[in-house]
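Notes to accompany the following structure.
Taken together, the values in this text are just the output of simple stated rules run on the coordinates, not laboratory data. Small disclaimer: the values here were computed from a predicted structure and weren't measured. FYI the Cβ positions are ideal-geometry reconstructions off the backbone, even for glycines, and counts take in every protein chain you see.
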Amino acid sequence: VKNPQPPKKVSNIVGYRRKRIQLAPKTASAYKALIKAARAAGFKNPIFSVVSGYRSDAYQAGLFKNALKKYGSVKEARKWVAPPGKSVHRSGQAVDFYLGHPNTKANVGKLKQTGAWKWMVKNAGRFGFNPYTREPWHWEYNLSRPGGK
Ligand SMILES: [Zn+2]
């Protein structure tokens with residue numbers, strides 16, 4: 001997704017560690033359907049709770065600044081955090097799920113071993129969520145070409 005646009009409206013959901021998360025309304029509905037199925041399949045809270053949803057450009061700017069510090073170059077930072085205005089999270093249609101380990105570059109392999117991730121690969125499409133392989137935690141609702149971050 002080249003130019004993700006902010007949602008006209010957002011819906012609030014309760015996220016990871018009871019954090020208030022905002023999502024585009026249709027994404028929030030799809031998430032609620034997905035979580036219901038995941039709970040029925042035996043996954044318990046906090047698995048599949050949302051770590052990050054809609055992010056404002058100001059918030060994204062802070063994340064990018066931190067990524068620059070962490071990764072040392074714009075090129076490397078951009079692999080993991082989009083600059084403000086470029087993140088799919090500004091659309092409210094990107095969801096970072098908690099799958100059992102912190103969502104970090106170091107945990108990518110470990111996250112792909114989890115039952116939660118395997119369940120997502122099999123089932124998320126039914127609810128309109130597409131994967132982004134570089135980041136196993138990041139899923140995008142109803143976007144034909146996932147852009148990640
Ligand atoms: Zn994400």
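Over the chain, what is the mean sequence separation of C-alpha contacts under 8 Å (at least six apart), divided by residue count, expressed as relative contact order in percent? Before the final figure, lay out the partial values.
Values: 248 pairs, mean separation 38.5, N = 149.
So the answer I get is 26 percent.
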Under Karplus coefficients 6.51, -1.76 and 1.60, residue-wise ³J(HN,Hα) of the range 97-108 in Hz, glycine/proline x: 8, 8, 10, x, 9, x, 7, 10, 3, 5, 9, 4
Reachable aspartates and glutamates, given that their alpha-carbon falls under 18 Å from the alpha-carbon of K26 and they are not under 8 places away in the same chain: D96, E140
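If you place +1 on the Cβ of every Lys and Arg, -1 on the Cβ of every Asp and Glu, and leave all else neutral, what size is the dipole of the chain about its Cα centre, to the nearest 20 Debye? Numbers along the way, then the final one.
On the way: 30 positive and 5 negative charges, 20 e Å.
Once rounded to the nearest 20, the dipole reads 100 debye.
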Protection proxy ranking of 81-89, 130-138 - average other beta-carbon atoms within 10 Å, highest first: 81-89, 130-138
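How large is the helix-only mean residue ellipticity at 222 nm for the chain, computed as the sum of -39500 (n - 2.57) over DSSP H runs with n ≥ 4, divided by its residue count, in deg cm²/dmol to the nearest 500?
On the way: 5 runs with 51 residues, N = 149.
Roughly -10000 deg cm²/dmol at 222 nm, from the helical runs in the chain.
Go through K65/K110; K36/K65; K19/K44 and tell me which ones have a Cα-Cα distance over 28 Å in this structure. Please list the in-between numbers first.
Details: K65/K110 26 Å; K36/K65 36 Å; K19/K44 17 Å.
With Cα atoms farther than 28 Å apart: K36/K65.
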